[in-house]
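To keep things clear, I will list the structure first and then write my remarks on it.
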There are 2 protein chains.
Amino acid sequence: MKKKETITIYDVAREANVSMATVSRVVNGNPNVKPATRKKVLEVIRNLGYRPNAVARGLASKKTTTVGVVIPDISNAFYAEVARGIEDIATMYNYNIILSNSDLRQERELRLIETLMEKQVDGLLFLGGTITPAHQEIFAASSVPVVLVATEDLEKKLPFVHIDQKEASKEAVMVLLAEGHKKVGYISNPNEDMVQGVPRLEGYKQALRETGMEYDDSIVRYGDNGYRSGYQAMQELLKAEPEMTAVACASDEMAVGALHALQDADKKVPEAFSVIGFHNIPLASQVRPLLSTVSYPMYDVGAVSMRLLTKYMLHEEIEAEQVWLPFSLELRNSTNLKQWPE
Amino acid sequence: MKKKETITIYDVAREANVSMATVSRVVNGNPNVKPATRKKVLEVIRNLGYRPNAVARGLASKKTTTVGVVIPDISNAFYAEVARGIEDIATMYNYNIILSNSDLRQERELRLIETLMEKQVDGLLFLGGTITPAHQEIFAASSVPVVLVATEDLEKKLPFVHIDQKEASKEAVMVLLAEGHKKVGYISNPNEDMVQGVPRLEGYKQALRETGMEYDDSIVRYGDNGYRSGYQAMQELLKAEPEMTAVACASDEMAVGALHALQDADKKVPEAFSVIGFHNIPLASQVRPLLSTVSYPMYDVGAVSMRLLTKYMLHEEIEAEQVWLPFSLELRNSTNLKQWPE
DNA sequence: CTGTTAGCGCGTTCAC
DNA sequence: GTGAACGCGCTAACAG
């Protein structure tokens, strides 16, 4: 690779017979420049192939137009879609994104946040994990705005964008109950997951309660959100309760795994067994039968989070520091009910 | 958010009764510091909660430990997995990643590259698109190393990491041919796609040729790599050639779309019809029947690219500027052949 | 409308 | 081992 000598704002100034300040002005679109000199400067810039150094600019202005994004796993369909929403809005507001995977490991999360702060990001988007006191502390010590994406802190102190998971989960289970199933199993997220797992399981319990049914933990299993775990959980559930005729799952991958376990056990879906998932990732509409699921506005959660962050960074007025986005039910072919009964 | 007054290297120096130079040395692990003063400095750093400013450091050292990644679409399963490989290795070498989506639009690609250069990334990873003369030019003018990921420039001038797609495609089609199918359709990538589409289609043609069969473009369709387009293409193919009994697809999504079109047309897969895909994304093993496909080492392509880039950035010795990674055939249940016949 | 002048926070010689 | 001083490239008052 060649070793281009870097040409600076000073070179442009000299060549154009103006001061650095003037060059800086035209580069930054400051209107206080006579059209003639602006034209001249622009020309020199083109000729010299001048390209402003964002690092120097960042040091001088204390703004990097870069935001940090801590994400559990970019290769996960759910997070990838959220990330897309983030990036699109970031681009719209002229920000770039530093993306890093945490795998939900707290120690990594904290280190990443630290690194991003050192890089002087103008703001931070934190996706996924549980917010511990350690997180609180580092966020509080931070001089830049932070928005939680698809998660919340339990005390609801920090800004966040999310859906009401308990309610969403409850409605999904309600669909199954409305179909008249008497034994409805549940395949949960990992049980140490306070943010996703607990509220969704709670929604399941509440649906049962409201329908006058008993919660029975012998027909609940905990998966790791992946396909395989859904498959296995379903096999166990079938063994544990042969009378079962429906299952709600806390992720679409697990739901599809369950679907296949049922097919392998010669249970027809949805004729003999109903299945409902959570998230509505593309997979849900790429299997047969098409999976009924809770439609989680993944892209929007990302987009709205990023937009909220820009408001903080640009000191715009904030109407709501914490936003609950609506979700909906996508009733397809793994359930019988096709419309929500009001 | 609070307005923490930034504490700098100077503050640490004053507080520890040493010079800035010394603080800089301990922060950067320079051995030329007496253990006692090192200890002292470290202590002050902790007390003050000093956090080095990477922007200032970048300006002074002309290194940002950040690399730019231009990617077509992070919400696409294939690219997301490649990105994960990139990020993991980047982390390992202490680099951060600025990620931006190009949607394969050339104008956006060029602008992104420009922006990343301005941000003084230490290196650039370019995924996906076709390398035009405009790309060549901007890369050539760049002062930082560039590695092409999962693509190549036609003149093979730039470093890249990829697989031999023509060969991979040929082998996939060979599987179908070896099963004895006489009419093997093909669902291609968009036909303007020089990097993916053309070589894979070429592989299809070559397989036919080597088997003494005629290429017939009436049984070839062009999709957009998505599920829907695969579904539609398959329907058209069935209409165009009712005798068809097998189809090769240039992406797994399209293959699964085809699979479902076949099921909807009452064609049993693999008994009456064989289907093979390309990439081996998770979806391929989350549908029934399990999809046979070309296993593309997505994660590895990302990881190896990033590793290669670090070699350039760190001025390590480069054994190969262009690396072809091996691929393999993942023969599952959408084809009958379970082993490659040698 | 334009130029001068300070820094921004840190790495890096070069002396001591 | 340690410190003083310069400079990285640019923005931001402030003057004029």
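Observations, loosely collected:
- Filter result for the condition that a residue is farther than 22 Å from A:M174 by Cβ and over 25 Å from the mean Cα position of the chain (by Cα), over A:D266, A:D216, A:D224: A:D266
- Among residues that are without any contact (Cβ under 8 Å) to a residue 24 or more places away in the chain, under 20 Å from the mean Cα position of the chain (by Cα) and part of a loop (DSSP other than H, G, I, E, B), B:D153 is included.
- A:A134 vs. criteria of a type outside the set (S, T, Y), within 16 Å of DNA strand D (Cβ to nearest atom) and either over 19 Å from B:A80 (Cα atoms) or assigned by TED's automatic domain parsing to the domain that holds A:G197 (or both): no
- Qualifying residue in segment A:173-191 (condition: under 30 Å from A:F139 (Cα atoms) and surrounded by fewer than 19 Cβ atoms within 10 Å (Cβ to Cβ)): yes
- The single condition from (1) touching a Pro at 6+ places or on another chain (Cβ under 9 Å); (2) within 11 Å of DNA strand C (Cβ to nearest atom); (3) within 12 Å of chain B (Cβ to nearest Cβ) that A:R25 fails is (3).
- Considering segment A:52-71, and only residues there that are hydroxyl-bearing (S, T, Y) and in a loop (DSSP other than H, G, I, E, B), the residue that is nearest to the other protein chains (Cβ to nearest Cβ) turns out to be A:T64.
Residues checked against (1) at pLDDT below 95; (2) not aromatic (F, W, Y); (3) not assigned by TED's automatic domain parsing to the domain that holds B:M174; (4) not in a loop (DSSP other than H, G, I, E, B):
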residue	(1), (2), (3), (4)
B:A284	no, yes, no, yes
B:V287	no, yes, no, no
B:L290	no, yes, no, no
B:V304	no, yes, yes, yes
B:R307	no, yes, yes, yes
B:T310	no, yes, yes, yes
B:H315	yes, yes, yes, no
B:E319	yes, yes, yes, no
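- B:L104 satisfies every condition listed in (1) at positive phi; (2) assigned to a helix (DSSP H, G or I); (3) not basic (K, R) except (2).
- The residue that is farthest from the chain's Cα centre (by Cα), among those in segment B:278-296 that are surrounded by 21 or more Cβ atoms within 10 Å (Cβ to Cβ) and within 12 Å of another protein chain (Cβ to nearest Cβ), is B:V287.
- Residue, nearest to B:M313 (Cα to Cα), within segment A:28-48, restricted to residues that are in contact (Cβ under 8 Å) with a residue 24 or more places away in the chain and within 13 Å of DNA strand C (Cβ to nearest atom): A:V44
- Residues in segment B:127-143 include at least one that is within 14 Å of chain A (Cβ to nearest Cβ) and assigned to a strand (DSSP E or B).
- Residues within segment B:25-40 that are surrounded by 12 or more Cβ atoms within 10 Å (Cβ to Cβ) and more than 12 Å from DNA strand D (Cβ to nearest atom), tallied: 1
- Look at (1) modelled with pLDDT of 90 or more; (2) within 14 Å of chain B (Cβ to nearest Cβ); (3) within 9 Å of DNA strand D (Cβ to nearest atom) and you find that A:I45 fails only one, number (3).
- Considering residues of segment B:104-126 that are at the interface with chain A (Cβ under 10 Å from one of its Cβ atoms) and closer than 28 Å to B:Y296 by Cα only, the residue surrounded by the most Cβ atoms within 10 Å (Cβ to Cβ): B:G123
- Of all residues in segment A:41-67, those that are among the hydrophobic types (A, V, I, L, M, F, W, C), closer than 19 Å to A:S143 by Cβ and either over 39 Å from the mean Cα position of the chain (by Cα) or surrounded by fewer than 20 Cβ atoms within 10 Å (Cβ to Cβ) (or both) total 2.
The values are calculated or read from the model by the stated rules, or taken from the named source; none is laboratory data. Note that the structure is a prediction, hence the values are computed from the model and not measured. Every residue, glycine as well, gets a Cβ built from its backbone with ideal geometry; the counts of neighbours run over all protein chains shown.
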